[in-house]
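A short reminder: the numbers here are calculations on the coordinates, not readings from a lab. Note that the coordinates shown come from a computational prediction; the quantities given were computed from them, not determined experimentally. Please note: Cβ atoms are built from the backbone with ideal geometry, for glycine as well, and neighbour counts cover all protein chains shown.
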Amino acid sequence: MKSPIAKEMKEIRDQVRKQDFSWTFEQRERYDTLLLQRYAQIKQWGEEGRIWVGPSNVGKKEEEDTQPIE
């Protein structure tokens, strides 16, 4: 589930892409505001322990994780 902030940021990036990557002042200003809000949101998630901080388990088989070392 995407946050409304991330959705609006994507919409602005799509608009800019259609404008040949030319930002208007209003778009740049709004995007910068949303970016700061997004940073604050992610920081809050980190403080609440809602962000995984650790090794990635991508590509590991379950058997590798469950077998004891002999």
Measuring from its Cα centre, the chain shows a charge dipole (+1 at each Lys and Arg Cβ, -1 at each Asp and Glu Cβ) which, in debye to the nearest 20, is 460 debye
Taking the Cα atoms of the chain, report the difference between the largest and smallest coordinate on each principal axis, in whole Å and largest first. 63, 29, 17
